[in-house]
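Step one of this worksheet: look at the structure below.
Since every read-out is calculated from the coordinates, none of them should be taken as a lab result. Since the model is a prediction, treat every value here as computed from it, not as a measurement. With ideal geometry, Cβ positions are generated from the backbone for all residues, glycine too; neighbour counts draw on all protein chains shown.
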Amino acid sequence: MGGFSLIWAGQVVSLVGNSVLRFAFIIEAWSAGERATAVTALSLCALLPQVLLSPVAGALIDRCTKRVALQLADASGLIVLGALCALHFAGGGLGTWQIYPAVALLGVSAAFQFPAMASAVPMLVRKDQLQRANGMLAGAKSAADVGGPALGGLLVALSGIGVILVADVVSFAIALVTIRVVRFKGDVVPKGSAGPRKRILREAGEGLRYLFAQPGLRDLMLTFCAVNLVMVFGFAAVQPMVLARTGNDAAALASVNTAIGIGGVAGGLLMAVWGGPRDRGRGMMAGIIGMCLSAQVAMALAGGVVGWCVAILIGALIMPVVNGAMQSLVQTKVPQEWHGRVFGAVVFLSQLSVPLATAVSGPLADHVFEPQAAAGTGVFVLLGPVLGDGPGSGMAAMLLIAGVCGIAVALWGLARRSVRDIDVLLPDLKGE
């Protein structure tokens, strides 16, 4: 796993840079008006391009080598950040009207990043190492969540956003260098891509059709879509909830974000040592139940920073196990030449509900749940004695409701044999 480990290290550096910048943007958005809608709108700008363009990105990835695909993904992010740096230093700062489009363009870059990386992993590690490698990649994002908020809070206070932008540019450059120097085994242009080219939208649709032709993969992706809808509905309220309940304490928010990162790193290390569940169908559903119980139900009921950190740390620890198992399923059951399109379709189907949940959670928090909490009406006739009536209580109710719904979806997945027994019903491909 030497070559993979080098790329993984480059991704850690790049993701830390992104995490620092994201934290700075969140503080800027919240400070502008102390509205949950502003924070969720920022997330929406990143999510929508990533989700909607993923099938097209997957089709383009299947037209080239995986090294080129990864380089294009990182190079596009580097260009966007370079432009932001130029605007910042030439104009004396960045306005809100510049930040939101820039975040959207970085979302376009991210649309290529996941399908390209997931497709490249089987070229870098053996089949029996796939869950470990996928867990390490999930842990890389979590490592960024450890260092990013802490470093972001420090840099926002001491130096401002200019230094953060320059550091993120350097981190993307490092990631590009690691991709360039590593050898990808069997990295050739996929079969059929040299023939007559179909329209790119038709090729993008092929990944979706492939998934729907496999009942196990189809039902698994639909389960993830429903789980993400309810979980993200709650998670989108976490950061504004922490800020509201602590009186805009950036240190408290950094602590919670750091706890997410610590849990994710621990989960990635657990996957690297353990290798993941043998029964991936049951393992994923059990993991989703564990995440909902800890990072949502317990998070909503906790009364302070320590409780929030412990609850969300446990949920973040489980997440690499769930994601690593899901990615290894696709890597071992889908032919290599289809990986770009299928992983693009996986992102589209599993994440399609995320922008919807993100878009509605902010307005619902500001105009429904928070006013109900303050007035003791609506759901707070029942939940008020448990969650209180202060600032942030309405968003805590959103977390609690989302957690209960997520558990129900996972139990539905366990009840379906196509999901529960997917490893038996859909055998691994020979030679994969």
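Descriptive notes on the structure:
- ³J(HN,Hα), Karplus 6.51/-1.76/1.60, whole Hz, each residue of region 299-316, x for Gly, Pro: 4, 5, 7, 5, x, x, 4, 4, x, 4, 5, 5, 4, 6, 4, 5, x, 5
- Treating r as the C-beta distance of V188 and D428 and R0 as 25 Å, the FRET efficiency rounds to 0.70.
- In this simple spin-label approximation, A86 and N248 carry label points 7 Å from Cα along the Cα→Cβ vector, and these lie 3.5 nm apart.
- The chain: Lys pairs at Cα distance under 18 angstrom, eight or more positions apart or on different chains: 10
- Size of charge dipole - the chain - debye, nearest 20, with Cβ of Lys, Arg +1 and Asp, Glu -1, no other charges: 1540 debye
- Cα gyration tensor, the chain - rounded (a/c under 1.5), prolate or oblate: oblate
- Shown in residue order for region 105-116 are the 3J(HN,Hα) couplings computed by the Karplus curve 6.51 cos²θ - 1.76 cosθ + 1.60 at θ = phi - 60°: 5, 5, x, 4, 4, 5, 4, 8, 5, 5, x, 5 Hz (x for Gly and Pro).
- Computed from backbone phi with θ = phi - 60° and the Karplus coefficients 6.51, -1.76 and 1.60, the 3J(HN,Hα) list for region 338-350 is 9, 4, x, 5, 6, 5, x, 5, 4, 4, 4, 5, 6 Hz; x is used for glycine and proline.
- When both region 230-286 and region 335-407 are represented by their alpha-carbon centers, they are found 15 Å apart.
- Value at 222 nm in deg cm²/dmol, rounded to 500, when DSSP H runs of n ≥ 4 in the chain each add -39,500 (n - 2.57): -27000 deg cm²/dmol
- Selected from L429, A397, W412, residue furthest toward positive end of dipole (region 380-432; charges at beta carbon): W412
- Positive-end residue of L364, L70, C85, charge dipole of the chain with Cβ unit charges: L70
- Three-way shape label, region 328-390, alpha-carbon gyration tensor, a/c 1.5: prolate
- Neighbour-count order for E206, E370, E337, fewest beta carbons within 10 angstrom listed first: E337, E206, E370
- Difference of contour (0.36 nm per residue) and Cα-Cα distance, L201 to Q98: 34.1 nm
- Between the residues G261, S171, L222, the greatest Cα displacement towards the positive end of the dipole of the chain, with unit charges on the Cβ of Lys, Arg, Asp and Glu, is found for L222.
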